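Each remark here refers to the structure printed beneath this line.
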């Protein structure tokens, strides 16, 4: 089974853990979750890791709403 590398960007660690638990229940996928709490960390991870998909909270300590989206995807538009 192929591993799906997921980057989970969520400022509240307990919320990230809930999402990770839900993703872990998908028995048809082998998911490897990379977690960070802000945009700066997410950029660093994407430069150093092979990520297949990003789950991005739009309300972070270093980005809010559409700013989070445009800041992130202007640099990593090829990553779903």
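Of all DSSP beta bridges confined to the chain, the antiparallel ones make up roughly 15%. Only alpha carbons enter this Debye calculation for the chain, each as an equal point scatterer, and the log10 of I(q)/I(0) it gives at q = 0.12 Å⁻¹ is -0.32.
A full extension of the chain between residue 74 and residue 55 corresponds to an added length of 5.3 nm, given 0.36 nm per residue minus the alpha carbon distance. Each of residue 29 and residue 43 was given a label point 7 Å from its Cα along the Cα-to-Cβ line. The distance between the two points is 2.7 nm. Placing dummy labels 7 Å off each Cα toward the beta-carbon, the span from residue 66 to residue 15 is 2.1 nm. From most to least packed by mean Cβ count within 10 Å, the peptides 54-62, 34-42, 69-77, 20-28 give 34-42, 54-62, 69-77, 20-28. Helix 66-75 and the long axis of the chain differ in direction by around 70°, with both axes built from C-alpha atoms. Its relative contact order, with pairs defined as Cα atoms under 8 Å and 6+ residues apart, puts the chain at 36 percent.
Only the coordinates and a few stated rules stand behind these numbers; no lab work does. These numbers were taken from a predicted model, which means no experiment stands behind them. Positions of Cβ are generated from backbone atoms using ideal geometry, with glycine treated the same way; all protein chains shown enter the neighbour counts.
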